[in-house]
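What follows is a set of notes on a single structure, which appears directly below.
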Amino acid sequence: MNRSRRTVVAAALLVAAAGCGGTKTVTVTVPGPTRTVRVAAPAEGGLGAARQVREFGYIKALTPVGTHYEMRFDPAWFLTGITANTAAHEDGAVDPGQPVPNDNYVLDEGRRLLTYIVPATAHITVLANAGQITSKRVTVSQLADIVNGHSDLKLFEPIETGFWIAVSGDTARSLDQQYRP
């Protein structure tokens, strides 16, 4: 491999590593002198908050504040499989060795409400009833009306079935109602 091609390959590796977030020190060896450079650390090994997380829970309030909304959210764990069966048994919800209905169990350890910002552009879906279950996109304002009992939209299930929210820091970017048969 000629010198200019090695330089291009080494530079490409450094650029690829630099896009991963955080920094760490690595030693890059290419023909010629060995040198130590600073490159980005992988996101999973880096420091700081996760970029986006999904949480399950219950919307308790959704209030307009300036150009966005503030949501009060009661987080819970939506469990499935052996995790759901074991937790339900430990809580006395099912007998030992018996599965939970519909292979899910919601574990709500507390009633602490978390506050999230919900931008007016957030993606929101609810389960509507148009003769059958349908996923319907609504605005944050429409969801606030549903939460506050001021909506005429016919839901397939009440919002007490819970929502999955995608959160970046303190901001909920999307909210999707959970189907609970």
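Bridges between two residues of the range 53-177, per DSSP, are antiparallel at a rate of about 90%. If you wrap the tightest convex hull around every Cα atom of the range 98-181 and split its volume per residue, you get 120 Å³.
All of the numbers you see were taken from the coordinates with simple rules; none came from a lab. Being a predicted model, the structure only gives us computed values, none of them experimental.
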